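The values are calculated or read from the model by the stated rules, or taken from the named source; none is laboratory data. Owing to the predicted nature of the structure, the values given are computational and were not obtained by experimental measurement. FYI the Cβ positions are ideal-geometry reconstructions off the backbone, even for glycines, and counts take in every protein chain you see.
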Amino acid sequence: MIGKALQDNVEPGEVIFIDPSLVDDFWKRPADVNAYFCGLGVENVRHFCMTTQEFIGSSAYEALDEVGIVFIDGRHTQEQAKFDYESFKGLLAPRGLVLLHDSMVVRDDKVYGADKAYKMTVKYFVDQLKEDPSLQVFDLPFGASGLTLVRTLEGEASRSLHDWLGDPGLAKT
Ligand SMILES: C[S@@+](CC[C@H](N)C(=O)[O-])C[C@H]1O[C@@H](n2cnc3c(N)ncnc32)[C@H](O)[C@@H]1O
């Protein structure tokens, strides 16, 4: 949906999709991934079949420009959510957003199989973010375990909306 929205926008944009396909084989073969998105009419998704840990060591990460939205939905531990967040927060546009999925409930996650069940603790990382006065953090209580939106209030983000509108470069963000 994000890819389609970016594709339909008047300004160009793409989705950098990082998933090592650890739950199933869905994202393993580049041709299948490409066919899946093209079948939905979406041609602006670049998939990297690797963990975030691997991706941040890649030349693709080095080459990344400003990022508008970071959607975090990987392994649902507070440690991994923090790792994903910190890997991209420095690249976030001044008016950018971070979205953390499955962020409101602590429960068992059996997505890797019942024998590999682990505690979903993204909420604990979100609780830490809520302590930071430089951030605005908003929970959306939908689905089984919610979604949280985060944005910074510092730096360029602290400028008034009128300033933004007067600056053609930033108004695009
Ligand atoms: C809850 S699923 C999200 C699935 C995804 N939204 C989809 O539609 O396929 C969690 C995903 O996190 C990925 N994952 C697990 N560890 C990861 C890591 N260290 N870095 C990036 N992705 C990871 C898994 O491969 C899995 O597909």
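Has the range 45-67 got at least one residue that is of a type in the set (Lys, Arg), within 27 Å of Lys4 (Cα to Cα) and in the same structural domain as Val10 (by TED's automatic domain parsing)?
Let us first name the residues in the range 45-67 that are of a type in the set (Lys, Arg), namely 46.
After this cut, where a residue has to be within 27 Å of Lys4 (Cα to Cα) as well, the list is 46.
Checking which are in the same structural domain as Val10 (by TED's automatic domain parsing) leaves us with 46.
Within the range 45-67 (the criterion being of a type in the set (Lys, Arg), within 27 Å of Lys4 (Cα to Cα) and in the same structural domain as Val10 (by TED's automatic domain parsing)), the answer is yes, since at least one residue qualifies.
For the range 27-51, which positions are within 12 Å of the ligand (Cβ to nearest atom) and out of contact with any strand residue (DSSP E or B) (no Cβ under 6 Å at 6 or more places or on another chain)?
Within the range 27-51, Trp27, Lys28, Tyr36, Cys49, Met50, Thr51 meet the criteria.
Can you give me the ranges of the strands (runs of 3 or more DSSP E) entirely in the range 1-107 with at least 3 residues that are surrounded by 14 or more Cβ atoms within 10 Å (Cβ to Cβ) and touching a Ser or Thr at 6+ places or on another chain (Cβ under 8 Å)?
Output list reads 92-101.
Given (1) modelled with pLDDT under 95; (2) out of contact with any helix residue (DSSP H, G or I) (no Cβ under 7 Å at 6 or more places or on another chain), identify the lone condition not met by Arg95.
For Arg95, the exception is condition (2).
Assuming Glu11 fulfils every condition listed in (1) touching a residue at least 40 places away in the same chain (Cβ under 8 Å); (2) under 22 Å from Asp84 (Cβ atoms) apart from one, which condition is it?
All conditions are met except number (2).
Lys89: of a type in the set (Lys, Arg), within 15 Å of the ligand (Cβ to nearest atom), outside the structural domain of Asp19 (by TED's automatic domain parsing) and within 21 Å of Asp19 (Cβ to Cβ), yes or no?
No.
Restricting attention to the range 98-127, report how many residues are modelled with pLDDT of 95 or more, over 14 Å from Ala144 (Cβ atoms) and of a type in the set (A, V, I, L, M, F, W, C).
Of the residues in the range 98-127, 5 are modelled with pLDDT of 95 or more, over 14 Å from Ala144 (Cβ atoms) and of a type in the set (A, V, I, L, M, F, W, C).
Given the options Glu54, Glu66, name the one that is in contact (Cβ under 8 Å) with a residue 24 or more places away in the chain, within 12 Å of the ligand (Cβ to nearest atom) and at negative phi. So that I can check it myself, show each step before the final result.
Values: Glu66 fails: within 12 Å of the ligand (Cβ to nearest atom).
Testing whether each residue is in contact (Cβ under 8 Å) with a residue 24 or more places away in the chain, within 12 Å of the ligand (Cβ to nearest atom) and at negative phi leaves just Glu54.
Being in a loop (DSSP other than H, G, I, E, B), surrounded by fewer than 11 Cβ atoms within 10 Å (Cβ to Cβ) and small (Gly, Ala, Ser) is the filter; apply it to the range 135-170 and report the residue that is farthest from the chain's Cα centre (by Cα).
Ser160
Out of contact with any Phe, Trp or Tyr (no Cβ under 7 Å at 6 or more places or on another chain) and closer than 30 Å to Glu154 by Cα, is that true of Ala35?
Answer is no for this residue.
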